[in-house]
1. Could you work out the relative contact order of the chain? I mean the mean sequence separation of Cα pairs under 8 Å and 6+ apart, divided by the number of residues, in percent.
2. Using the C-alpha gyration tensor of the stretch 193-234, what are the square roots of 5 times its eigenvalues, in whole angstrom, with the largest one first?
3. Return the whole-Å distance between the Cα centroid of the stretch 30-50 and the Cα centroid of the stretch 229-259.
4. Can you tell me the order of 220-227, 31-38 when each peptide is scored by its average per-residue count of other Cβ atoms within 10 angstrom, highest first?
5. Mean shadow of the stretch 152-224, computed from the convex hull of its alpha carbons, in nm²?
6. Quick one: Debye curve from the alpha-carbon atoms of the stretch 13-120 only, equal weights, vacuum; give me log10 I(q)/I(0) at q = 0.20 Å⁻¹ to two decimals.
7. When all C-alpha to C-alpha distances in the stretch 53-100 are sorted into bins of 10 Å, what percent of pairs does each bin hold, rounded to whole numbers?
8. Return the Rg/Rh ratio of the chain with Cα-based radii and a Kirkwood Rh.
Amino acid sequence: MGGLTQLVGAAGRWAIESTGASGRGSIFLVQQILKIFAPPIRLRLIVAHMRFIGNRSVSIVLLTSTFTGMVLVLQGYVALVRFGSEIYLGPLVALSLIRELGPVLAALMVAARAGSAIAATIAGMRVSEQIDALEVMAVDPIQYLASTRLLAALLTVPMLTALFDLAGIFAALMFGTGVLGIDGGIFMTSIREAVDWSDVTAGFYKSFLFATFIAWISCYQGYVATRGAEGIGRATTNSVVITSVLVLAGDYVITAFLM
């Protein structure tokens, strides 16, 4: 009986703590969004964040998209050739990348590379009391640290997603024509006939949502970090894990609504 009581108590404490953390995180997101265009507009800082989140993520996005495109065309060819349906290989690759894999994998790569760094940076500022110094100087830390990064993510992650899609399709075309002997003209023509603008917009809807997740979770985890170096490590880990889970869950929700 005592063990059951302890179990129920632990579950209750976890539920209360999780509810409180969710509420605080939601309030942080609302403040982060509302303060995006609050004066002063820190254009130079936003551009610096865009360079960090977007430009420095190009290489890992291109590398991931290249291998993703090659794997898709190879697996699709093996499956479709059994039924004599190789003509549908182009739409299979393009729709898989544009609607699902492009937004999701691009967001996961950005979360792993940029999101973790953002969380570590802000957490370091928190434990070294630099955020307290900003408040003393009458600088809004949420607007200065979080809102600028949210705007930068909203501007760069969709572009990285588009780059992922194009690079993946190009890699699939090169691998298919060069290794599998696929007709490149038929491959591209089938893509143009199968892909609608609604497919493209669905992918971009996801990329905007995922950009919000990346900037929100990474900034919040760093902002509430405690306990020195241990807190920085925990904030970095939580940022990547929570963002990845939200990206996958958000992908399902949006896909279900847009079907």
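1. Relative contact order, the chain: 32 percent.
2. The three semi-axes for the stretch 193-234 are 38, 8, 4 Å.
3. Cα centroid to Cα centroid, the span is 23 Å.
4. On the way: 220-227: 21.6, 31-38: 15.4.
Highest mean packing first, the order is 220-227, 31-38.
5. About 6.1 nm², averaged over all directions.
6. Relative scattering, expressed as log10 I(q)/I(0), comes to -1.08.
7. Bins of 10 Å from zero give 25, 43, 22, 9, 1 percent of pairs.
8. Looking at the chain, the ratio lands at 1.08.
Taken together, the values in this text are just the output of simple stated rules run on the coordinates, not laboratory data. All values reported here derive from a predicted model rather than from experimental measurement. Here the Cβ is made from the backbone with ideal geometry for all residues, glycine too, and neighbour counts use every protein chain on show.
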